[in-house]
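J.: Structure in structure tokens, see below.
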Amino acid sequence: MVLRRLCLYNFERMRLLLIRHAQSKNNKIWDEIAKKYKVQENAAYDSNAEVWSEYNERRSADPCISELGQAQAKACGETLKKYLTKLREEKPQMSIKLRSSPMERTLQTTMAIVENCGEDFFPYFEVDNCIFEQGGCFTDSKLPGLPGRSPEEIKSAYPLATPTWQGLGWYEHYRKIEGAPLEFEKRGEAYKRAQMIVDKLWEVDVASMRQKDMLILVVHADLLDALIKNLMGVSGDDACLVKMRNTAINEFSMDVDSDTGKKHVSVEYLNNFSHLNGLA
């Protein structure tokens, strides 16, 4: 893979936006606990048993976004509408596809994008049960995982949603397909999942979309870290940490040389949260 220098090339195939969800109630709980115990910013959740125990007691397996998160999601949607409107004016036939994780905080953030941009942009959006947060659907990392909502339950709550799987709850379905037990997903498993997601972007999305079409993924912080490392060809999960603010927008372009088959990634910008405009 060739990683092009920042912003020096025109888009040739597919634009990719990766967006972190708005602040969840779990994020808010963690911030409160980190302040209480004076946890260092880059410390692992499980580095302090007392901290992790309290977090597990208070967190939700599938939290909503917080009041602050609602404001962040709205601001993100408003900014995207301006950006996408400008792009659509330049290329009226431009296809823009929106895809969300099946978790509630990403679905709520995605709906804020849909509501602000309008159904002319997004008459529907995909829900992919491969792009969930590392760990999966769990109450406690030491206990069995939860199945997650079924496609029917998600469709009932979000009529514009189009789940990409059938039958079981989203996490149970994913673990069953992988032949793995319904338990907390370890970091190594999540990093391999990110590799699979990036491979699918190349093989399916980049291959099928026209020049300058756009795919928007609404995902999670730990997964974003792994996805960006894999997109940029970073050697190993421990090589660096890519941190993202809530509703931060990251833009790439992805194309394949038709003569050589060589894959190219352009990094346009990372962790853009200027739309928050004073929101914490």
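The values are calculated or read from the model by the stated rules, or taken from the named source; none is laboratory data. This structure is a prediction, so every number in the text was calculated from the model and none was measured. Methodologically, a virtual Cβ is constructed for each residue, glycine included, from the backbone with ideal geometry; neighbour enumeration extends over all protein chains shown.
J.: Please tell me if R58 is modelled with pLDDT under 95, surrounded by fewer than 19 Cβ atoms within 10 Å (Cβ to Cβ) and over 18 Å from P123 (Cα atoms).
T.: yes
J.: Also, I was wondering about something else. Go through the range 83-120 residue by residue and tally those that are among the charged types (D, E, K, R) and in contact with a strand residue (DSSP E or B) (Cβ under 7 Å, 6 or more places away or on another chain).
T.: 3
J.: Within the range 134-152, does at least one residue satisfy the condition of being touching a strand residue (DSSP E or B) at 6+ places or on another chain (Cβ under 8 Å), buried (at least 19 other Cβ atoms within 10 Å of the Cβ) and not acidic (D, E)?
T.: Yes, because at least one residue in the range 134-152 is touching a strand residue (DSSP E or B) at 6+ places or on another chain (Cβ under 8 Å), buried (at least 19 other Cβ atoms within 10 Å of the Cβ) and not acidic (D, E).
J.: Still on this structure: I'd like to verify a number: residues in the range 251-267 that are surrounded by 18 or more Cβ atoms within 10 Å (Cβ to Cβ) and either outside the structural domain of R13 (by TED's automatic domain parsing) or acidic (D, E) (or both), how many?
T.: 2
J.: Now a separate question. Exactly one condition in (1) closer than 30 Å to E172 by Cβ; (2) modelled with pLDDT of 85 or more; (3) out of contact with any helix residue (DSSP H, G or I) (no Cβ under 8 Å at 6 or more places or on another chain) is false for K28; which is it?
T.: Exception for K28: condition (3).
J.: Please find, among R193, R175, the residue that is under 16 Å from the mean Cα position of the chain (by Cα), among the basic types (K, R) and surrounded by 14 or more Cβ atoms within 10 Å (Cβ to Cβ).
T.: Answer to the check: R193.
J.: Restricting the search to the range 102-120, which residues are at negative phi and surrounded by fewer than 17 Cβ atoms within 10 Å (Cβ to Cβ)?
T.: Once the filter is applied, which keeps residues that are at negative phi and surrounded by fewer than 17 Cβ atoms within 10 Å (Cβ to Cβ), the range 102-120 yields E115, E119, D120.
J.: Spot the failing condition for K212; the list is (1) among the charged types (D, E, K, R); (2) at pLDDT 95 or above; (3) buried (at least 18 other Cβ atoms within 10 Å of the Cβ), and only one is missed.
T.: (2)
Results for (1) farther than 27 Å from G278 by Cβ; (2) assigned by TED's automatic domain parsing to the domain that holds E251, shown as yes or no for each residue.
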site	(1), (2)
Y55	yes, no
A75	no, yes
L84	no, yes
K97	yes, yes
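J.: Please specify each residue of the range 183-237 satisfying the condition of being of a type in the set (G, A, S) and in contact with a strand residue (DSSP E or B) (Cβ under 8 Å, 6 or more places away or on another chain).
T.: Selection gives A207, A221, G233.
J.: Also: Output the qualifying pairs, or none if there are none: Cβ atoms under 6 angstrom, residues six or more apart or on different chains, first residue in the range 182-203 and touching a residue at least 60 places away in the same chain (Cβ under 8 Å), second residue surrounded by 14 or more Cβ atoms within 10 Å (Cβ to Cβ) and part of a helix (DSSP H, G or I).
T.: Listed pairs, sorted by first residue: none to list.
J.: With a cut-off of at least 1 residues that are within 21 Å of L201 (Cα to Cα), of a type in the set (S, T, Y) and in contact with a His (Cβ under 7 Å, 6 or more places away or on another chain), name the helices (runs of 4 or more DSSP H) lying wholly within the range 12-128.
T.: Answer list for the range 12-128: 104-117.
J.: Next question. Could you grab me the full set of residues in the range 38-51 that are modelled with pLDDT of 75 or more and either under 26 Å from Q108 (Cβ atoms) or among the small types (G, A, S) (or both)?
T.: Within the range 38-51, A49 is the sole residue that qualifies.
J.: Please verify whether Q23 is buried (at least 18 other Cβ atoms within 10 Å of the Cβ) and polar (S, T, N, Q), treating the condition exactly as stated.
T.: Yes: the conditions hold for Q23.
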